[in-house]
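Have a look at the structure below, then the notes.
The values are calculated or read from the model by the stated rules, or taken from the named source; none is laboratory data. Given the structure is predicted, the values throughout are model-derived calculations rather than measurements. Glycine gets a Cβ as well: all are built from the backbone with ideal geometry, and neighbour counts include every protein chain shown. In case anyone asks, the SASA skips ligands and DNA or RNA and just uses the protein heavy atoms, side chains included. Shrake-Rupley method; radii C 1.70, N 1.55, O 1.52, S 1.80 Å.
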Amino acid sequence: MASGFLLPDIEDDDTAPFWQGTARGQLLVQACSACRHRRMPPRPMCPACRSLQHTWMPLSGRGTLWSYVVAHPPLLPAYQSLAPYNVITVALDEDSQLRLVGNLVARADGPINEVDPATMRIGEPVRVVFQQVEDVFLPRWMRV
Ligand SMILES: [Zn+2]
């Protein structure tokens, strides 16, 4: 049964390897085959040198809380009862220009409203965890 949550297209040509990685418990990033520039989110062309060739490399899954917002209604129906909840941007340890959006959670499979936003601090260390929602393994973040 559909959750009502907004979920990514995990079969998209550019992003499918990323989602295959999360299903294995791995956080992957595209790395340009020509200049080695790493980029997030996945896309066909290197923004540094315009090469169309790339590989996928695993990351540590460690980062820092770079920014966040606290969502309040009006929201889509599936999110309504969870508000207020956090939406965070994480700067990855390997390169602070690599950033992912997700939620800070207290447990890998815990709800997105479990962490009190008043306790969140920019710069605090986090690590990736994964939660399966339908057929997608979503990266989420826990405090280290
Ligand atoms: Zn490049």
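Brief remarks on what is shown
- Taken as Cα centroids, segment 44-66 and segment 87-113 sit 17 Å apart, rounded to the nearest whole angstrom.
- Packing here is the average count of other Cβ atoms within 10 Å per residue, and on that basis the peptides 99-107, 6-14, highest first, run 99-107, 6-14.
- Of the trypsin sites (Lys or Arg not before Pro) found in segment 1-90, those in coil by DSSP whose Cβ has at most 16 other Cβ atoms within 10 Å are 24, 36, 50.
- For the chain, accessible area per residue (1.4 Å probe, heavy atoms of protein chains only), Å²: 55
- Relative contact order of the chain, pairs being alpha-carbon contacts under 8 Å that are 6 or more residues apart, as %: 22
- Helix-derived mean residue ellipticity, 222 nm - over the chain, DSSP H n ≥ 4, -39500 (n - 2.57), to 500: -2000 deg cm²/dmol
- Once the Cβ-Cβ distance of residue 118 and residue 35 is raised to the sixth power relative to R0 = 41 Å, the FRET efficiency obtained is 0.45.
- Taking all protein chains as they are arranged and a probe of 1.4 Å, the heavy atoms of residue 49 leave approximately 60 Å² accessible to solvent.
- Normalised by the number of residues in segment 11-58, the average gap of Cα pairs under 8 Å and 6 or more apart makes the relative contact order 37 percent.
- Computed from the C-beta positions of residue 78 and residue 45 and an R0 of 30 Å, the FRET efficiency is 0.35 to the nearest 0.05.
- Portion, in percent, of the accessible area of the chain that falls on carbon or sulfur, probe 1.4 Å: 54
- Projecting label points 7 angstrom from Cα along Cα→Cβ for residue 7 and residue 97 puts them 3.4 nm apart.
- With all protein chains in place and ligands, DNA and RNA left out, the 1.4 Å accessible area ranks 19, 141, 56, 66 as 66, 56, 19, 141, largest first.
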